[in-house]
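Engineer: Sharing a structure with you now.
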Amino acid sequence: MKSPGKSLKEALVCAQSEDRLTVGVYESAKIMTEDPDSVSFCVLAMDEQFEWDVALQIHFTLIQSFCFDNDISIVRVSDMQRLADIVGDETEQLEDAHCVLIT
């Protein structure tokens with residue numbers, strides 16, 4: 001049986017290879033506003049160092065509310081750097097991998 005973490009990683013890698021990944025809080029909010037029916041899955045990552053970032057917490061609350069209203073599944077993870085490593089590539093710096101959408 002696969003671990004949930006391994007299954008999530010495989011889903012992210014597959015979506016990225018098919019160009020169905022959106023990375024970033026603002027980019028995700030834009031996709032959700034413009035075409036919510038295209039979003040099938042949302043991953044939210046919160047590291048300890050960002051726990052007290054009020055603006056990020058507000059964005060997360062709004063994104064979660066939007067997902068609930070539009071029947072979009074959400075997974076919360078606790079390691080933003082690991083998520084960035086999975087969805088990033090060597091030429092791209094992913095500083096805002098707090099939110100990742102699969103469309």
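The values are calculated or read from the model by the stated rules, or taken from the named source; none is laboratory data. Note that the structure is a prediction, hence the values are computed from the model and not measured. With ideal geometry, Cβ positions are generated from the backbone for all residues, glycine too; neighbour counts draw on all protein chains shown. Calculation scope for accessible area: heavy atoms of the full protein, side chains included, ligands and nucleic acids excluded. Shrake-Rupley method; radii C 1.70, N 1.55, O 1.52, S 1.80 Å.
Engineer: Return the inverse of the average 1/r over all pairs of distinct C-alpha atoms in the range 27-82, which is the Kirkwood hydrodynamic radius, in Å to one decimal.
Structural biologist: 11.9
Engineer: Give the ranking of Phe68, Phe60, Phe41 by solvent-accessible surface, highest area first, calculated with a 1.4 Å probe.
Structural biologist: Phe68, Phe41, Phe60
Engineer: Follow-up question, since we're still on this one. To the nearest 10 square angstrom, how much accessible area does Asp35 have with a 1.4 angstrom probe?
Structural biologist: 80
Engineer: Work out the length of the dipole vector of the chain about its Cα centre, built from +1 on the beta-carbon of each Lys and Arg and -1 on the beta-carbon of each Asp and Glu, and round it to the nearest 20 debye.
Structural biologist: 420
Engineer: With Cβ to Cβ distances under 13 Å as the rule, what net charge do the other residues near His59 carry (K, R +1; D, E -1)?
Structural biologist: Net of charged neighbours comes to -2.
Engineer: Using helices alone, I'd like the mean residue ellipticity at 222 nm for the chain: each DSSP H run of four-plus residues gives -39500 (n - 2.57), total over residue count, nearest 500.
Structural biologist: So the calculated ellipticity at 222 nm is -14500 deg cm²/dmol.
Engineer: Also: Accessible area, 1.4 Å probe, largest first: how do Thr33, Thr103 sort?
Structural biologist: The most accessible residue leads, giving Thr33, Thr103.
Engineer: Determine the share of the chain's accessible area contributed by carbon and sulfur atoms, expressed in whole percent, with a 1.4 angstrom probe. If you can, show how the numbers build up before the last one.
Structural biologist: Working: 3370 of 6580 Å².
Heavy-atom surface of the chain belonging to carbon and sulfur, 1.4 Å probe: 51 percent.
Engineer: Could you list which residues have their amide H under 5 Å from that of Val75, counting only those 5 or more apart in sequence or on another chain, with H placed in the peptide plane?
Structural biologist: Residues meeting the criterion, in which the H sits 1.01 Å from N, are Cys42, Val43, Leu44.
Engineer: Follow-up question, since we're still on this one. Between beta-carbons, use under 12 Å as the cut-off and find the net charge around Ser28, counting Lys and Arg +1, Asp and Glu -1.
Structural biologist: Residues near Ser28 contribute -3 overall.
Engineer: For the chain, compute Rh as the Kirkwood radius over C-alpha pairs and then the Stokes-Einstein diffusion coefficient at 4 °C and 1.567 mPa s; write the answer in µm²/s, rounded to an integer.
Structural biologist: 94
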